[in-house]
Each structure stands twice: as structure tokens, then as C-alpha cells.
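Engineer: Got a structure for you, written out below as C-alpha cells; questions coming shortly.
The values are calculated or read from the model by the stated rules, or taken from the named source; none is laboratory data. Keep in mind that what you see is a predicted model, and the values were worked out from it rather than measured. A quick note on method: Cβ atoms are made from the backbone with ideal geometry, for glycine too, and the neighbour counts reach across all protein chains shown.
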Amino acid sequence: MSQVIQLSTHNGWSDEETSLLWQEVRACAEKGQPLRVAFDKMAALTGRKANSIRNYYYAAIKSGQVPSDVPTGRAMPFTPFSAEEIDNLLREVLMAQGRGISVRACVTALGGGDRAVALRLQNKYRALLKSHPDRVMKAVKALQDEGQPCVDPFRKMRSLPRESTLLKAPADSLARHILARTEDMSEGTSRQYLAICLQIADLLTAQGS
């Protein structure tokens with residue numbers, strides 16, 4: 001269990017807290033994780049609200065009080081995507097996959113090698129798969145009509161050899177989340193992964209019946 005840091009005051013930040021925040025932000029950057037992971041961990045360690053920690057982080061950036069070795073480019077995700085940017089992202093990623101290029105390699109190229117930008121693009125693409133499948137499939141159809149190389153990112157689920165408990169699951173978002181994990185897998189590995197998920201789903205269904 002994580003130990004909560006005891007503070008003399010909760011109105012201001014102690015040096016220990018600030019140092020720990022920079023440490024967690026560095027760790028997230030090295031692992032390619034979103035900043036909210038650092039904020040959530042800090043909340044667990046200090047008892048502060050994650051939103052308050054986030055606000056402190058951005059206030060420190062604005063005032064120039066962040067150490068030079070702490071990445072600050074990850075503030076970019078707060079800039080919303082325009083409709084044009086979303087359409088372009090879908091086209092580029094879908095066509096890249098059609099040429100056998102992974103999602104990760106595609107967004108890295110689109111981000112010009114900037115890890116923070118690439119992570120922002122990858123997270124947006126995954127969010128579109130999860131929450132806006134109709135928009136994704138509209139982009140797929142448009143590319144197919146143009147004769148462009150592309151993939152249907154949902155094809156792996158539809159091409160499974162049998163109707164599954166997973167496909168019948170009322171939690172649609174869960175199924176899409178599982179599918180999103182296969183984006184950077186080879187066809188063979190993704191089939192093995194999905195088969196294991198199906199076996200688990202069948203086992204749980206059998207236990208609940």
C-alpha cells in the first residue's frame with residue numbers, strides 16, 4: 001500500500017512534493033505514459049486531488065519554475081483536435097496500416113519523431129476506435145472508394161472463426177478496448193490474444209450460468 005506523505009500545510013507545495021511530482025512526470029515521459037498517470041499517482045501519495053496537481057503542473061510551466069530536464073511538451077494534449085486534423089489522422093493511420101506499417105510507426109512519423117506529439121496522436125486514434133467507430137468506418141469507406149490502400153481496424157474481431165461471448169457482451173466499450181490492444185500486433189499474435197480473451201469470456205460465462 002502506498003504511504004501518504006504527511007505535510008505541515010496543504011495550502012502550499014512542499015519541496016518534497018514538488019520534487020516527487022517532477023520525478024513522476026519524468027517517469028511517465030520515459031515510459032510513454034499520459035501525464036494523468038503521474039497526477040493520479042501523486043494524488044495517491046499526497047492526498048491531493050489529481051485536478052489540483054494538474055493545475056499546479058501547468059502553473060509551474062507558465063511561470064517557468066519547471067526543471068530543465070522535466071518534459072513540458074506533454075501539455076499539448078489540452079489543445080483540441082480540429083475536424084480536419086481528425087480526418088487527416090484517420091486517413092494517414094488507416095493507409096499506413098494498409099501498407100503494413102504499425103500505428104506506432106505511423107504516428108511517430110506524423111509527429112516528426114517528437115514522442116509527446118506521437119503519443120497524443122496515438123491516444124486520439126485509439127479514442128476514435130473506442131468511441132467513434134462510425135467515423136472510423138466512414139474514413140475506411142472513403143479510402144476504399146478512392147482505391148487507396150487501407151485496413152478495416154475492426155476486421156480482426158469480425159473475422160474470428162466463431163460467434164463469441166465477447167461479441168455478445170453488453171459492454172461494447174470493453175470489446176473495443178480489447179480490440180485496440182491488437183493494433184500493433186501481427187495477425188498471428190492478435191489472433192492468439194483474441195482467442196485467449198474469448199476463452200476467458202467463455203469461462204466466466206460458464207461460471208455465472
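Engineer: Cβ contacts < 8 Å: first residue in the same structural domain as residue 86 (by TED's automatic domain parsing), restricted to the stretch 98-125; second residue among the polar types (S, T, N, Q) and assigned to a loop (DSSP other than H, G, I, E, B), any location; separation 6+ or different chain. Result?
Structural biologist: That search, which allows pairs on different chains as well, returns 98/148.
Conditions tested, residue by residue: (1) touching a Lys or Arg at 6+ places or on another chain (Cβ under 7 Å); (2) crowded, with 18+ Cβ neighbours inside 10 Å; (3) at pLDDT 90 or above.
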{"site": "114", "(1), (2), (3)": "no, no, no"}
{"site": "121", "(1), (2), (3)": "no, yes, no"}
{"site": "130", "(1), (2), (3)": "yes, no, no"}
{"site": "147", "(1), (2), (3)": "no, no, yes"}
{"site": "154", "(1), (2), (3)": "no, no, no"}
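Engineer: Moving to a separate point now. Is it the case, given these coordinates, that residue 36 is at pLDDT 80 or above, among the basic types (Lys, Arg) and either in contact with a strand residue (DSSP E or B) (Cβ under 7 Å, 6 or more places away or on another chain) or in a helix (DSSP H, G or I) (or both)?
Structural biologist: Numbers: at pLDDT 80 or above: yes; among the basic types (Lys, Arg): yes; either in contact with a strand residue (DSSP E or B) (Cβ under 7 Å, 6 or more places away or on another chain) or in a helix (DSSP H, G or I) (or both): yes.
Yes: the conditions hold for residue 36.
Engineer: If we scan the stretch 62-72, do we find a residue that is acidic (Asp, Glu), modelled with pLDDT under 85 and in contact with a helix residue (DSSP H, G or I) (Cβ under 9 Å, 6 or more places away or on another chain)?
Structural biologist: Residues of the stretch 62-72 acidic (Asp, Glu): 69.
Next, from what is left, pick out any that are modelled with pLDDT under 85: 69.
Filter again for in contact with a helix residue (DSSP H, G or I) (Cβ under 9 Å, 6 or more places away or on another chain), leaving 69.
Yes, the stretch 62-72 has at least one match.
Engineer: Filter the stretch 54-74 for residues that are assigned to a helix (DSSP H, G or I), closer than 27 Å to residue 107 by Cβ and touching a residue at least 24 places away in the same chain (Cβ under 8 Å) and give the result. I'd like the intermediate steps shown before the answer.
Structural biologist: Pass one, the stretch 54-74, residues assigned to a helix (DSSP H, G or I): 54-62, 73-74.
Right, trim to closer than 27 Å to residue 107 by Cβ and you get 54, 57-58, 61, 73-74.
Those that are assigned to a helix (DSSP H, G or I), closer than 27 Å to residue 107 by Cβ and touching a residue at least 24 places away in the same chain (Cβ under 8 Å): 57, 73, 74.
Engineer: For residue 8, are the conditions met, namely being part of a helix (DSSP H, G or I), at pLDDT below 85 and either over 21 Å from the mean Cα position of the chain (by Cα) or under 23 Å from residue 117 (Cα atoms) (or both)? Steps first, answer last, please.
Structural biologist: Details: part of a helix (DSSP H, G or I): no; at pLDDT below 85: yes; either over 21 Å from the mean Cα position of the chain (by Cα) or under 23 Å from residue 117 (Cα atoms) (or both): yes.
Answer is no for this residue.
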